[in-house]
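Below is one structure; the comments refer to it alone.
The values are calculated or read from the model by the stated rules, or taken from the named source; none is laboratory data. Just so it is clear, the structure is predicted and the values come from calculations on it, not from any experiment. Using ideal geometry, Cβ is built from the backbone for each residue, glycine included, and neighbour counts are taken over all protein chains shown. These accessible areas exclude ligands, DNA and RNA; they are computed on the full protein's heavy atoms, side chains included. Shrake-Rupley method; radii C 1.70, N 1.55, O 1.52, S 1.80 Å.
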Amino acid sequence: MLAVTLTFSALFSVMFLLLGTVFGWIAKEYVLQRDSKYIPMHPEMFDENGQIIPDEVLAVRFENDMVDPDDPLN
């Protein structure tokens, strides 16, 4: 009886693993397709007609640490 229980447990575990993988993959594709159409943006990035203002967008990139190596607090 123990062998039958172990066999069914192993089969059900593999079956549910495969089903979870398939349903998870389908759900991931659905979410990616649904969310790729909508890109949230700040309202100040639009003009009065609702078009994106590309020339007034500011991007800042910091390349160096602003830490002073001689500062005793660091």
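Of note:
- Pair list, Cβ < 7 Å and 6+ apart or interchain, from the stretch 35-46 residues that are under 14 Å from LEU58 (Cβ atoms) to residues that are modelled with pLDDT of 65 or more and open to solvent by 80 Å² or more (accessible area, probe 1.4 Å): MET45/ILE52
- Residues that are among the small types (Gly, Ala, Ser) and surrounded by 10 or more Cβ atoms within 10 Å (Cβ to Cβ) within the stretch 1-33 comprise SER9, ALA10, SER13, GLY20, GLY24, ALA27, listed in sequence order.
- Selection within the stretch 22-52 - modelled with pLDDT of 80 or more and part of a loop (DSSP other than H, G, I, E, B): ASP47, GLU48, ASN49, GLY50, GLN51
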